[in-house]
Amino acid sequence: MLETAKSIVLILSALFPIVNPLGGSPVFLALTHEYSSSARRILARRVAMNSFILLIASFLVGTHILEFFGISIPVVQVGGGLIVISNGWAMLKRKEDEEDRGREAQKKAKLKNIFRNAFYPLTLPLTVGPGSISVAITLGANIPHHLGPNLRAFLAALIASALVAVSIYLCYGFADRLAAVIGESGMSIILRLSSFLLVCIGVQIFWNGVHALFLTLPRAGM
């Protein structure tokens with residue numbers, strides 16, 4: 001049990017700062033602020049479930065999937081970084097009149113239409129992005145192959161991923177409470193800053209992938 005507890009703490013300490021559900025809640029609210037509170041909480045629960053499944057899948061079979069398709073972690077970082085940049089830039093350039101039109105349209109939307117965005121982009125890459133996936137794959141690649149330790153590692157990954165998913169639901173599902181405390185103008189500032197930071201995070205993820213790919217190129221004169 002002690003080894004399992006240590007593994008849970010290790011996985012949490014590696015994943016939680018990267019997933020960062022508290023920091024992602026303003027971004028989630030920016031993309032869903034036109035929905036009702038009940039619809040937003042249902043959507044947050046779906047995003048949390050998707051994140052849990054994605055983290056567990058990355059931990060258990062991520063390395064095998066990438067090897068099957070011949071995809072490396074740096075390539076995942078480059079592609080994911082571009083998607084994060086695109087979403088952050090779109091949010092940063094969104095105008096108030098566009099938000100008003102979107103709000104009126106979304107009031108008439110059904111839940112099944114709302115859920116179309118639950119996986120992309122709300123789960124991947126905005127919540128569980130290339131950084132989280134690469135960390136989960138790396139942790140999964142280092143698990144022991146003996147039955148006993150393997151089961152303990154799986155249990156630790158299951159519990160840690162569940163705790164991350166719960167934190168995602170709480171931060172996303174009640175993001176409107178934070179907005180109510182801060183106020184409309186304060187939330188608008190936070191949303192713009194969050195959008196800018198999202199672009200910066202995307203650039204950093206993209207650069208990490210590009211830098212790793214450059215290191216694999218043959219050097220001149222060798």
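Being under 18 Å from the mean Cα position of the chain (by Cα), in a helix (DSSP H, G or I), of a type in the set (Gly, Ala, Ser) and modelled with pLDDT of 80 or more is a property that holds for Ala136. Remark: pairs (first residue in the stretch 32-45, under 18 Å from Ala165 (Cα atoms) and surrounded by fewer than 17 Cβ atoms within 10 Å (Cβ to Cβ); second residue at pLDDT 85 or above and aromatic (Phe, Trp, Tyr); Cβ separation under 7 Å; 6+ apart in sequence or on different chains) = Arg45/Tyr169.
Does Val78 meet the test of being in contact with a Phe, Trp or Tyr (Cβ under 7 Å, 6 or more places away or on another chain), in a helix (DSSP H, G or I) and open to solvent by less than 70 Å² (accessible area, probe 1.4 Å)? Judged against the criteria, Val78 is a match. Against the criterion of being in contact with a helix residue (DSSP H, G or I) (Cβ under 8 Å, 6 or more places away or on another chain), closer than 10 Å to Tyr172 by Cα and at pLDDT 85 or above, Ser58 does not qualify.
Which numbered condition trips up Pro26, out of (1) under 19 Å from the mean Cα position of the chain (by Cα); (2) open to solvent by less than 40 Å² (accessible area, probe 1.4 Å); (3) modelled with pLDDT of 85 or more? All conditions are met except number (3).
Scanning the stretch 113-133 for residues that are assigned to a helix (DSSP H, G or I) and of a type in the set (Val, Ile, Thr) turns up Ile114, Ile133.
For the stretch 176-184, the condition of being over 18 Å from Glu3 (Cβ atoms), modelled with pLDDT under 85 and touching a His at 6+ places or on another chain (Cβ under 8 Å) holds for at least one residue.
Here Ile71, Ile53 are screened, and the one residue that is within 18 Å of Leu124 (Cα to Cα), open to solvent by 50 Å² or more (accessible area, probe 1.4 Å), modelled with pLDDT of 85 or more and not in a helix (DSSP H, G or I) is Ile71. Confirm whether Ala179 is assigned to a helix (DSSP H, G or I) and more than 25 Å from Trp89 (Cα to Cα). When the stated conditions are applied, Ala179 does not pass them. For the stretch 11-23, the candidate set comprises residues that are surrounded by fewer than 20 Cβ atoms within 10 Å (Cβ to Cβ) and in contact with a helix residue (DSSP H, G or I) (Cβ under 8 Å, 6 or more places away or on another chain); within that set, the residue that is modelled with the lowest pLDDT is Gly23.
The values are calculated or read from the model by the stated rules, or taken from the named source; none is laboratory data. Note that this is a predicted model, so its numbers are computed, not measured. For neighbour counting, all protein chains shown are included, and Cβ atoms are generated from backbone atoms with ideal geometry for every residue, glycine included. Note: areas computed on protein heavy atoms with side chains; ligands, DNA, RNA excluded. Shrake-Rupley method; radii C 1.70, N 1.55, O 1.52, S 1.80 Å.
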